1. At a 1.4 Å probe radius, which order do SER186, SER224 fall into by accessible area, largest first?
2. Where a ≥ b ≥ c are the square roots of the eigenvalues of the C-alpha gyration tensor, would you call region 11-129 rounded, which needs a/c under 1.5, or, failing that, prolate if a/b is larger than b/c, or oblate?
3. Under the classification rounded if a/c is under 1.5, otherwise prolate if a/b is larger than b/c and oblate if not, where does region 87-143 fall, given a ≥ b ≥ c as square roots of the Cα gyration tensor eigenvalues?
4. Do any trypsin sites (Lys or Arg not before Pro) in region 106-213 lie in a DSSP loop with no more than 13 other beta carbon atoms within 10 Å, and if so, which?
5. Out of all DSSP beta bridges in the chain, what portion is antiparallel? Express it as a percent rounded to 5.
6. Which loop trypsin sites (Lys or Arg not before Pro) in region 69-101, with loop taken from DSSP, have no more than 12 other Cβ atoms within 10 angstrom of their Cβ?
7. Rounded, prolate or oblate: pick one for the chain, where a ≥ b ≥ c are the square roots of the eigenvalues of its C-alpha gyration tensor, a/c under 1.5 means rounded, and failing that, prolate if a/b is larger than b/c, else oblate.
8. Whole Å is fine, so just give me how far the alpha carbon centre of region 57-134 lies from that of region 1-26.
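The values are calculated or read from the model by the stated rules, or taken from the named source; none is laboratory data. Bear in mind the structure is a predicted one, so any value in this text is a computation, not a measurement. Reconstructed Cβ throughout: ideal geometry from the backbone, glycine too, with neighbour counts over all protein chains shown. Surface accessibility is based on the protein's heavy atoms, side chains included, excluding ligands, DNA and RNA. Shrake-Rupley method; radii C 1.70, N 1.55, O 1.52, S 1.80 Å.
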Amino acid sequence: MGERPYILLSCGMSIDGYINGATDERLLLSNEADFDRVDDVRASCDAILVGAETVRRDNPRLMVRSSARRAARLARGDRPSPIKVTVTEGGHLDADAAFFRTGDMEKLVYCASSTVDKAREWLGGHATVVDGGQPVDLHRLTEDLHERGVCRLMVEGGGSIHTQFLAAHLVDELHLAVAPFFVGDSRARRFVDDAHFPWNPGRRATLAEVRQVGDVVLLRYALSPRFDAC
Ligand SMILES: NC(=O)c1ccc[n+]([C@@H]2O[C@H](COP(=O)([O-])OP(=O)(O)OC[C@H]3O[C@@H](n4cnc5c(N)ncnc54)[C@H](OP(=O)(O)O)[C@@H]3O)[C@@H](O)[C@H]2O)c1
């Protein structure tokens, strides 16, 4: 097996475990201070990965917001923001999405083998489309990222991606930011789907830190022996 990056999965959720509302409108779970904390984590990573549905629904830019953090990255020889990575089976991604249009860093699309050609046609020169297998094999994906120089990867959703990374035991560190309200609508997206996770009542995860960030609480879990306490 090849080497993989250190993988940190970061997610905001409601008290009842939802990561978005039930409508098309994006639900803001974090407060300003917590967005800034997430920005700091982003700035410490070489790449940020989200699923294709998050690219389509949320249209995220996935850039480091703070100019001081961008300058610090430049000073140590990095690009101002991490490279962006997404995963798709159907390949239906809009080249005009903010994911592709913002920042001059590399954008990588790991695509199922059957749709690689179509995805290359749709995305033109806006991204590097990589054949990731059928469906995309996340172990292979992480090893490929490592070969491309990614030592620290931040996984930022959505629920399908959380489920697969956690169930495959690929995550070294988990950040859950719990917002102080309920969504209370089972049509909304939950943190994870049903799956067989490595942590269960007989094998509890290690809680490494609890931090209050205004009205949000950050729960930080160490999920592998590689956990980096800094
Ligand atoms: N609160 C938070 O921190 C947070 C963060 C991010 C997102 N979200 C929310 O999460 C929701 C989206 O979550 P989601 O679970 O619906 O979608 P998702 O995890 O963002 O993306 C799922 C899509 O990724 C592709 N994919 C996933 N695994 C794959 C594999 N192994 N091989 C090939 N393709 C694969 C497929 O794309 P194709 O359909 O293109 O084939 C799949 O439909 C949104 O409501 C968003 O707002 C919340």
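1. Numbers: SER186 105, SER224 20 Å².
Largest accessible area first, the list is SER186, SER224.
2. It comes out oblate by the Cα gyration axes.
3. oblate
4. Those that pass, being in a loop and sparsely packed, are ARG187, ARG204.
5. If I count the DSSP bridges inside the chain, around 35 percent turn out antiparallel.
6. Passing both the DSSP loop test and the Cβ count: ARG76.
7. Judged from the Cα gyration tensor, the chain comes out rounded (a/c under 1.5).
8. 18
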